[in-house]
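Notes follow the structure.
The values are calculated or read from the model by the stated rules, or taken from the named source; none is laboratory data. Because the structure is a prediction, the values reported are computed rather than measured. Cβ: placed from backbone, ideal geometry, glycine included. Neighbour counts: every protein chain shown. Just so you know, the surface numbers come from the protein's heavy atoms only, side chains and all, with ligands and any DNA or RNA stripped out. Shrake-Rupley method; radii C 1.70, N 1.55, O 1.52, S 1.80 Å.
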Amino acid sequence: MSTLGIIGSGVMGTVLARLAVGNGIPVVMSNSRGPESLAGLVADLGPLATAGTVEEASRAGEFVVMAVPVTDYQNVPAAPLRGRTLLDTSNYYPIRDGRIEELDSEKLTTSELIQQHFDGVHLVKAFSGILAHHIAQLARPSGHPERSAVAIAGNDASAKAGASALIQTIGFDTVDAGSLADSWRFEPETSAYTWLYMADKNTAFEDRTEALGAPLPAAALRTALKNAERVRVAERTF
């Protein structure tokens, strides 16, 4: 697997970087504050990790992860990413992001909106239906009896296949949820979103980031995606 670029050094970006280097994949970390702010993180990640600008991370390899709030995607230049596959972890939370008319009206899914900015980029929605600390807890090698799956969606079959191979390398099976127009199936508050990975399904919302995860096999995720009902985005409270 070639070098993985990562845009965003928060919890999600760091968890995915740690899994990548743990499986022998070099990473180039970046954020909006510049490479110098990442010295401690890349030292902790080890010799397979380096720090760069957003543009350098975008050009580092065939695949790039974008782990930034949905309000920040327009600050990521599209040109360096053209022809590459961008794994987008974004979700829309009105309590954090404010109201976005195109999403509240359901004219577009979150990933369709983001794809408009990234002309010529193969966007694949991934890791947006599972909490970051559950990614760290549940990653397992291929063939492990407690291997979990995550959903992906995208408009380009080849990009999805490549993204799936990457995700499988770092510890998860994948279930194809369809196109970006179908990606609502694992957006916030649907039945295929985050709580499926909770060991205690009655976990309170405020306790979610400390909750223990439980394996979710591909068959169970596939059923949840199939049975998901679309949430009225304008009525979302978080």
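Worth pointing out:
- Extension gain, S37 to Q116: 0.36 nm times the residue separation minus the Cα-Cα distance gives 25.4 nm.
- Using the Cβ-Cβ distance between R82 and E102 with R0 = 30 Å, the FRET efficiency computed as 1/(1 + (r/R0)^6) comes to roughly 0.85.
- Quotient of Cα Rg and 2.2 N^0.38 Å for the chain, N being how many residues it contains: 0.95
- When the Gaussian network model of the chain links Cα atoms closer than 10 Å, the mean-square fluctuations of R140, R99, R18 top out at R99.
- FRET efficiency for T209 and A165, using Cβ-Cβ distance with R0 set to 25 Å, rounded to 0.05: 0.30
- Translational diffusion of region 1-142, estimated by Stokes-Einstein from the Kirkwood radius over alpha carbon pairs at 25 °C in a medium of 0.890 mPa s, is 159 µm² per second.
- Per residue, the chain exposes an accessible area of 43 Å² to a 1.4 Å probe, with every protein chain left in place.
- Net charge of Cβ neighbours under 9 Å - reference G5; Lys, Arg +1; Asp, Glu -1: +1
- Computed over the chain with a Gaussian network model linking Cα atoms closer than 10 Å, the most mobile of F172, F205, F186 is F205.
- Rounded Å value of the spacing that divides the Cα centres of region 11-56 and region 98-152: 20
- For region 151-237, the equivalent ellipsoid built from the Cα gyration tensor has semi-axes of 23, 18, 11 Å, listed from largest to smallest.
- The residues packed around I114, meaning those with a beta-carbon under 9 Å from its beta-carbon, carry a net charge of -1 if Lys and Arg are +1 and Asp and Glu are -1.
- Computed [θ] at 222 nm, helices only, for the chain once each DSSP H run of length n ≥ 4 contributes -39500 (n - 2.57): -8000 deg cm²/dmol
- Hull-based mean projected area of region 61-102, where the convex hull spans the alpha carbons, in square nanometres: 3.4
- The chain: DSSP helices with Cα axial extent of at least 30 Å and average Kyte-Doolittle hydropathy no lower than 1.6: none
- Full extension of the chain between A220 and D200 gives 5.6 nm of extra length, using 0.36 nm per residue less the Cα-Cα distance.
- With every protein chain in place, region 73-120: carbon and sulfur % of accessible area (1.4 Å): 45
- With a Förster radius of 30 Å applied to the beta-carbon distance between S158 and A136, the computed FRET efficiency rounds to 0.55.
- Antiparallel %, DSSP beta bridges [both residues in the chain], to 5: 15
- Seen from F172, the other residues with C-beta closer than 9 Å to its C-beta sum to a net charge of +1, counting Lys and Arg as +1 and Asp and Glu as -1.
- Taking a straight Cα-Cα cut-off under 14 Å and skipping sequence neighbours fewer than 8 places away in the same chain, the aspartates and glutamates within cross-link reach of K226 are D176, D182, E187.
- Column: log10 I(q)/I(0), Debye, Cα scatterers of region 87-176, q = 0.15 Å⁻¹: -0.64
- Here the Gaussian network model covers the chain, with springs between Cα atoms less than 10 Å apart; of A51, A163, A43, A43 fluctuates the most.
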